[in-house]
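Enquirer: First the structure, which I've put down as structure tokens, then a few questions once you've had a look.
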Amino acid sequence: MNRANFVLPEIELMSSGHLGCQGCGGALAMRYVLKALGEKTVIVLPACCWTIIAGPFPYSTLKVPVLHTAFETAAVAASGVRAALDIQGDTETTVVAWAGDGGTVDIGLQSLSGAAERNENILYICYDNEAYMNTGIQRSGATPRFAWTTTTPEKNPKAERKKDIVAIMAAHRIPYTATATIAYPDDLIRKVQKAKSLQGMKFLHILAPCPPGWRIASEDAIKIARLAVQARVFPLYEIEDGERYTLNAPHEREIIPAEEYFKLQGRFAHLGPQEREQMQQEIERNWARLQRLVQMKAPSDDGA
Amino acid sequence: MGRAITFRSVAEMPPLAISLDDISHNKTGSWRYLRPVYRNKIPPCRAGCPAGNDIPRWLALVAEGRLTEAWKTIRENNPFPGITGRVCAHPCEAYCNRKEFDEPIAIAALERHVADEAFALHDEPPSGERRREKIAIVGSGPAGLSCAYFLAKQNYPVTIYEAESQPGGMLRLGIPSYRLPRDVIDKEIDDIVRLGVEIKTGYRVGRDIDLERLWASYDALFIATGAYRSRPLGIPGEELPGVLAGLDVLKAINTGRKISLGERVLVIGGGNTAMDAARTALRLGARVTVIYRRTRAEMPAIPEEIAQAEAEGVEFLFLAAPQKIERVHGRLRVHLIRMQLGEPDKSGRRRPVPLPNSEFVLEADALLKAIGEDPDLDFLAEELETSEGIVIHNERGRLSRAGIFLGGDARTGPSTVVEAIADGKAASKAIQRYLRSPSRTASALLPERFAPEKIKLNTSYFAHQARVPVLELPPEERQHGFAEVKAPLWLEDAIVEAQRCFSCGVCNACDNCRVFCPDVAISRVNGLYHVNLEYCKGCGICAAECPRGCIDLIEEGR
Ligand SMILES: Cc1cc2nc3c(=O)[nH]c(=O)nc-3n(C[C@H](O)[C@H](O)[C@H](O)COP(=O)(O)OP(=O)(O)OC[C@H]3O[C@@H](n4cnc5c(N)ncnc54)[C@H](O)[C@@H]3O)c2cc1C
Ligand SMILES: Cc1ncc(C[n+]2csc(CCOP(=O)(O)OP(=O)(O)O)c2C)c(N)n1
Ligand code: SF4
Ligand code: SF4
Ligand code: SF4
Ligand SMILES: [Mg+2]
């Protein structure tokens with residue numbers, strides 16, 4: 001059918017006038033997440049682009065409470081907010097830790113792991129723009145191999161692979177872990193709503209293209225997110241209790257070569273044929289691994 | 001809300017760094033250097049339709065099962081959806097953007113479906129007062145009827161003079177009922193009569209009534225007498241019994257006269273008349289061979305008809321032409337010669353030239369000439385000049401006397417139903433312009449065509465899906481009767497097929513632009529979209545993600 005029309009909740013809890021750049025994927029991700037969660041939501045925000053997008057004192061871009069906190073403390077601060085609400089008898093409000101990839105896979109990782117280990121009843125969302133964008137495009141543990149950043153210049157691009165934060169979170173056996181991106185808003189909203197309905201720790205990894213940091217045209221922000229999924233650079237899947245994997249996208253017939261994804265982005269412009277081939281092989285390996293995980297049968301009783 | 005806050009002293013500040021307002025005072029529209037502008041475009045299918053059929057608009061209605069509204073929408077530009085849905089060569093489909101994606105939309109089959117479903121519906125007669133100026137139309141083919149329809153809708157009193165005993169022109173006389181059932185013609189003509197149009201049959205202008213009389217009694221005339229004079233082969237033996245004009249045979253059969261052609265029939269020509277003459281002869285029990293002097297690729301007939309004729313068992317002999325006909329023992333001996341293709345002629349097709357020493361002979365009971373027809377405009381003699389049978393008309397369709405207009409096959413030579421409809425529509429406009437200011441000389445009649453526009457589609461939102469097949473009566477069952485060959489669509493199939501339409505360049509309120517705006521700058525009111533330019537940063541996402549190219553990005557002035 002042609003009319004793959006998205007029907008999203010009408011509510012808008014992010015206001016126009018925010019400070020995100022033209023075509024900011026992170027801003028759009030927040031807009032969708034709040035559509036899914038509604039008014040009874042608290043956002044805990046460590047240092048990241050969103051600290052700025054949310055507006056300078058005394059303004060706020062969001063129509064829900066926001067707690068600004070230190071770079072490494074998203075998960076623990078959210079745990080504290082959750083505890084305070086519980087004491088007040090408010091079990092309805094969703095507490096969201098909303099952090100960048102640097103704040104998640106690098107500096108915030110111990111705090112995140114602690115909260116996951118304690119199975120805190122929070123929703124942790126990492127919006128991943130694949131570098132420290134707020135401070136001027138420095139590499140993070142989530143920057144892809146070979147990508148250009150200001151600290152991994154063309155002559156010396158990043159040598160390491162992207163840290164697999166989803167696998168790390170699955171290893172904590174938390175109730176729900178999922179990936180999502182802005183090109184698939186219906187999928188994203190469904191996952192947020194599902195996370196909201198579950199007790200305990202939930203982790204959502206959202207790929208959020210950054211036009212200035214990725215060196216793409218702002219109008220291509222959605223397209224690049226779609227290509228990331230179709231090229232299997234960023235497959236969409238969910239994991240229940242750290243073991244039951246479900247693949248949502250791409251379908252076999254949608255799969256495209258990774259080159260389609262790389263070629264639109266200035267941050268990969270310097271890649272030679274060898275690097276491109278190596279990336280393609282890495283994608284194939286990750287895909288094969290994901291297929292194995294999806295096919296893996298979870299033991300009927302978890303015993304956890 | 002939306003104010004800039006200034007603190008004049010520390011005392012005015014809140015005790016905690018807590019927000020006091022949203023950020024809507026920050027008018028991010030000032031960042032913008034590209035501005036999104038909603039602008040619907042003319043889709044290629046519509047530009048490809050001579051009548052300017054607003055295809056995506058009514059397909060959207062079919063997709064929702066709103067067939068009555070779809071019928072009314074088609075009839076804004078075409079009074080004959082049941083007819084064109086069956087016999088139009090549907091140039092629209094050749095332009096359909098979907099053909100690059102998988103297969104074009106089955107526009108014609110859907111048009112027929114809409115008309116079939118509306119068989120019991122009729123137009124409301126126009127409200128308001130009848131106008132004083134009276135118009136006479138000569139000829140009740142699709143051109144004359146279309147002109148009458150559009151004038152009647154504007155409250156003009158219209159009278160049509162028709163030479164034959166029934167209206168319809170080639171629809172009835174030329175096109176056989178296995179392609180166009182008679183009740184469909186009757187219904188769609190009746191719809192026009194119900195608008196108050198009077199059709200006087202049995203009046204041949206120039207014989208039963210002359211043009212000067214009409215001119216004296218009416219304020220404007222439209223001549224749409226078609227092209228009926230069959231071109232002669234120009235070879236010896238043409239006058240022999242058994243050598244007939246294909247069109248005369250069709251006219252006879254289509255008006256219910258019984259004729260017999262014998263067992264073996266040759267048809268000379270490659271156009272619609274040749275195909276229908278051959279298929280009709282086949283249905284009368286003959287073995288039929290069509291002889292054409294070029295190759296299949298150059299045949300002017302509608303390709304679908306060629307395929308149907310072939311499926312029914314009509315044989316084809318390409319690159320051959322008759323040179324002489326004799327009658328021996330009650331049968332025809334037709335002397336032919338092989339042809340080969342030489343240099344391109346005026347029409348751009350390669351000119352056939354005889355291959356020396358390649359003569360051969362075929363025997364037959366009848367030979368049907370179908371190499372084309374010319375308009376017969378002798379009754380108009382003073383009004384125009386002709387050159388090689390083609391009418392030279394003044395001022396783009398208006399004849400030398402102001403107030404007399406010419407259209408349809410009579411103007412263009414043998415053409416198509418939809419071109420005739422377009423001519424009739426254009427004539428109705430030219431006549432209205434003339435009646436408003438008779439002194440104006442330049443009343444254009446040539447149909448106004450929509451120019452196709454560049455449309456950037458984003459096909460990520462479309463799924464591949466095969467075109468609905470149009471079923472046909474098995475060839476064995478077709479051979480001995482005149483039952484309609486093409487089957488109708490089921491309602492479910494019609495809806496699914498209509499949903500395949502991309503709605504190129506025509507916003508269908510899919511909501512993508514609003515969904516993907518990172519700045520919450522797009523709103524929708526009653527299905528119409530609006531960009532809030534106070535906040536739009538000009539990222540261009542809305543334009544890029546519109547599946548159907550309805551948003552342009554224009555540079556902001558400095
Ligand atoms: C066998 C055949 C098959 C065809 N198949 C197709 C097809 O599948 N698809 C398609 O699009 N086109 C087809 N065509 C072409 C199409 O029918 C014509 O292009 C179209 O009908 C032209 O419309 P018109 O109104 O200009 O003329 P016509 O339809 O020819 O109507 C002219 C009318 O004027 C009347 N008339 C003539 N002289 C006078 C006079 N002096 N006084 C009063 N009345 C007069 C005639 O009797 C006739 O009723 C076919 C044509 C033929 C011959
Ligand atoms: C302890 C500490 N170190 C460094 C910083 C500076 N700083 C602020 S945001 C940021 C980068 C954040 O990157 P990421 O988490 O990926 O979010 P993004 O800005 O990319 O959205 C850094 C290094 C800080 N605020 N605190
Ligand atoms: S897809 Fe629809 S709107 Fe586009 S060209 Fe085809 S019929 Fe016309
Ligand atoms: S998506 Fe929004 S901000 Fe971007 S150009 Fe369109 S209206 Fe403007
Ligand atoms: S994206 Fe959809 S709603 Fe927006 S202009 Fe295009 S067709 Fe209309
Ligand atoms: Mg980042």
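Computed from the coordinates by the stated procedures, all read-outs in this text should not be read as laboratory data. As the structure is a prediction and not an experimental result, all values here were calculated from the model. Backbone-built Cβ (ideal geometry, glycine too); neighbour counts: all protein chains shown.
Enquirer: Given Cα pairs under 8 Å that are at least 6 residues apart, what percent is the relative contact order of chain B?
Expert: Reported relative contact order: 22 percent.
Enquirer: About the Cα centre of the protein assembly as shown, what is the dipole size in debye to 20, counting +1 per Lys and Arg Cβ and -1 per Asp and Glu Cβ, all else neutral?
Expert: Its charge dipole is roughly 1180 debye.
Enquirer: Could you derive backbone 3J(HN,Hα) for the range B:474-485 from the dihedral phi with the Karplus parameters 6.51, -1.76 and 1.60 (θ = phi - 60°), listing whole Hz in sequence and x where the residue is Gly or Pro?
Expert: Along the range B:474-485, the couplings run x, x, 4, 6, 7, 4, 10, x, 10, 5, 4, 7 Hz.
Enquirer: Taking the dipole about the Cα centre of the range B:404-558, with the C-beta of Lys and Arg at +1 and of Asp and Glu at -1, give me whichever of B:ILE541, B:CYS510, B:GLY424 is farthest to the positive side.
Expert: B:GLY424
Enquirer: Shifting gears a bit: So, with +1 on the Cβ of K and R and -1 on the Cβ of D and E, and no other charges, what is the size of the charge dipole of the range A:93-219 about its Cα centre, to the nearest 20 debye?
Expert: So the magnitude is around 200 debye.
Enquirer: First obtain the Kirkwood hydrodynamic radius of the protein assembly as shown from its Cα pairs, then insert it into the Stokes-Einstein equation at 20 °C and 1.002 mPa s, and state the resulting D in µm² per second as a whole number.
Expert: Rounded to a whole number, D works out at 66 µm²/s.
Enquirer: While we're here: Rounded to whole Å and sorted largest first, what semi-axes of the equivalent ellipsoid does the C-alpha gyration tensor of chain B yield via the square root of 5 times each eigenvalue?
Expert: With the √(5λ) rule applied to chain B, the semi-axes are 55, 29, 22 Å.
Enquirer: Ranked by Cβ crowding within 10 angstrom, fewest neighbours first, how are B:LYS27, A:LYS155, B:LYS41 ordered?
Expert: A:LYS155, B:LYS27, B:LYS41
Enquirer: Within the set of other residues whose C-beta is less than 9 Å from the C-beta of A:THR246, count the net charge using Lys and Arg as +1 and Asp and Glu as -1.
Expert: -1
Enquirer: Sticking with this structure for a sec: Would you list which aspartates and glutamates come within 16 Å of A:LYS155, measuring only between C-alpha atoms, while excluding same-chain residues fewer than 8 positions from it?
Expert: A:GLU275
Enquirer: Place a +1 charge on the Cβ of each Lys and Arg in the range B:235-372 and a -1 charge on the Cβ of each Asp and Glu, then give the dipole magnitude about the Cα centre in debye, rounded to the nearest 20.
Expert: That gives a dipole near 140 debye.
Enquirer: Moving to a separate point now. Mind sorting B:LEU151, B:LEU16, A:LEU37, B:LEU336 by how few other Cβ atoms lie within 10 Å of their own Cβ, fewest first?
Expert: Fewest-to-most ranking of B:LEU151, B:LEU16, A:LEU37, B:LEU336: B:LEU16, B:LEU336, A:LEU37, B:LEU151.
Enquirer: Average projected area of the Cα convex hull of the range A:1-97, in nm²?
Expert: 7.8
Enquirer: Anything in chain A that counts as a DSSP H helix reaching 15 Å or more along its axis (C-alpha) with Kyte-Doolittle mean of at least -1.0? List them, would you?
Expert: Membrane-span-like by this criterion, though nothing is claimed about a membrane: A:25-37, A:74-87.
Enquirer: Let me ask something else about it. Report the paramagnetic label zone for B:SER460: residues of the range A:246-278 whose backbone N is under 20 Å from a point 7 Å from Cα along the Cα-to-Cβ axis.
Expert: Zone members listed by number: A:248-269.
Enquirer: Find the relative contact order for the range B:200-326 and round it to a whole percent, using C-alpha pairs within less than 8 Å whose residues are 6+ positions apart.
Expert: Averaging sequence separation for qualifying contacts and normalising by length gives 23 percent for the range B:200-326.
Enquirer: Also: Taking amide hydrogens as modeled 1.01 Å from N in the peptide plane, which residues meet the under 5 Å criterion relative to B:GLU472, leaving out close sequence neighbours?
Expert: B:ALA487
Enquirer: Per DSSP H run of at least 4 residues, take -39500 (n - 2.57); add these up for chain B, divide by its residues and hand me the 222 nm value, nearest 500 deg cm²/dmol.
Expert: Calculated from helices alone, the mean residue ellipticity at 222 nm is -8000 deg cm²/dmol.
Enquirer: Over 27 Å between C-alpha atoms is what I'm after, so list which of A:LYS63/A:LYS263; A:LYS223/B:LYS99; A:LYS35/B:LYS454; B:LYS99/B:LYS486 land there.
Expert: A:LYS63/A:LYS263; A:LYS35/B:LYS454
Enquirer: Also: Could you work out the relative contact order of chain A? I mean the mean sequence separation of Cα pairs under 8 Å and 6+ apart, divided by the number of residues, in percent.
Expert: 16
Enquirer: Just the C-alpha atoms of chain A: what Rg/Rh do they give, with Rh taken as the Kirkwood radius?
Expert: 0.95
Enquirer: Can I ask one more? May I ask for the net charge around B:ARG132, where only other residues with Cβ less than 13 Å from the Cβ of B:ARG132 are counted and Lys, Arg are +1 while Asp, Glu are -1?
Expert: Its environment carries a net charge of +1.
Enquirer: In chain B, with Lys and Arg counted as +1 and Asp and Glu as -1 at Cβ, which of these residues, B:GLY226, B:GLY52, B:THR73, has the Cα nearest the positive end of the dipole, that is, farthest along it?
Expert: Positive-end residue among those listed: B:GLY52.
Enquirer: Which of the chymotrypsin sites (Phe, Trp or Tyr not before Pro) across the range B:1-89 are loop residues per DSSP, with 12 or fewer other Cβ within 10 Å?
Expert: In loop regions of the range B:1-89 (DSSP not H, G, I, E or B), the sparsely surrounded chymotrypsin sites (Phe, Trp or Tyr not before Pro) are B:PHE7, B:TYR33.
Enquirer: Also: Taking neighbour counts of Cβ atoms within 10 Å as a proxy for exposure, in what order, fewest first, do A:GLU120, B:GLU359 appear?
Expert: Fewest-to-most ranking of A:GLU120, B:GLU359: B:GLU359, A:GLU120.
Enquirer: How far is helix B:182-193 tilted, in degrees, relative to the longest principal axis of the Cα atoms in chain B, given as a value from 0 to 90 rounded to the nearest 10?
Expert: The two axes meet at around 60 degrees.
Enquirer: Across every pair of different alpha-carbon atoms, what Kirkwood hydrodynamic radius in Å does the range B:57-182 reach?
Expert: The answer is 16.3 Å.
Enquirer: From the residues A:LEU264, A:GLN280, A:LEU236, which one has its Cα farthest along the dipole of the range A:215-290 in the positive direction, the dipole being from +1 and -1 charges on Cβ of Lys/Arg and Asp/Glu about the Cα centre?
Expert: With unit charges placed on the Cβ atoms, the residue in question is A:LEU264.
Enquirer: Can you give the angle from 0 to 90° between the axis of helix B:303-312 and the longest principal axis of chain B, with both taken from C-alpha atoms, to the nearest 10?
Expert: Between the helix axis and the principal axis of chain B, the angle is about 50 degrees.
Enquirer: Write out the trypsin sites (Lys or Arg not before Pro) in the range A:1-66 meeting two conditions: DSSP loop, and at most 16 other Cβ atoms within 10 Å of their Cβ.
Expert: The qualifying sites are A:ARG3, A:LYS40, A:LYS63.
Enquirer: As an exercise, identify the chymotrypsin sites (Phe, Trp or Tyr not before Pro) in the range B:95-187 lying in DSSP coil whose Cβ has no more than 15 other Cβ atoms within 10 Å.
Expert: Within the range B:95-187, the qualifying chymotrypsin sites (Phe, Trp or Tyr not before Pro) (loop, at most 15 other Cβ atoms within 10 Å) are B:PHE119.
Enquirer: Also: Over the protein assembly as shown, what is the percentage of antiparallel beta bridges among all DSSP beta bridges, to the nearest 5?
Expert: Restricted to the protein assembly as shown, the bridges split so that about 45 percent are antiparallel.
Enquirer: Also, quick follow-up: What does DSSP give for the range B:235-372 in terms of the percent of beta bridges that are antiparallel, rounded to the nearest 5?
Expert: Counting DSSP beta bridges with both partners in the range B:235-372, the antiparallel share is about 55 percent.
Enquirer: Oh, and also: Lys and Arg at +1, Asp and Glu at -1: add these up for the other residues within a Cβ distance under 11 Å of A:CYS24 and post the number.
Expert: Charge balance in the 11 Å sphere: +1.
Enquirer: On a 0 to 90° scale, report how tilted helix B:142-153 is relative to the longest principal axis of chain B, with both axes built from alpha carbons and the result rounded to the nearest 10.
Expert: 40
Enquirer: Normalised by the empirical 2.2 N^0.38 Å for globular proteins, what value does the Cα Rg of the range B:252-301 take?
Expert: The reported ratio for this selection is 1.19.
Enquirer: In terms of the Cα gyration tensor, with a ≥ b ≥ c the square roots of its eigenvalues, is the range B:235-372 rounded because a/c is under 1.5, prolate because a/b exceeds b/c, or oblate?
Expert: oblate
Enquirer: Calculate, for B:GLN340 and A:ASP164, the FRET efficiency according to 1/(1 + (r/R0)^6) with r their C-beta to C-beta distance and R0 60 Å; round to the nearest 0.05.
Expert: Efficiency at R0 = 60 Å is approximately 0.25.
Enquirer: Mind checking the full-extension length gain between B:VAL525 and B:VAL193? Use 0.36 nm per residue of separation minus the Cα-Cα distance, one decimal, nm.
Expert: Using 0.36 nm per residue and subtracting the Cα-Cα distance, I get 115.4 nm.
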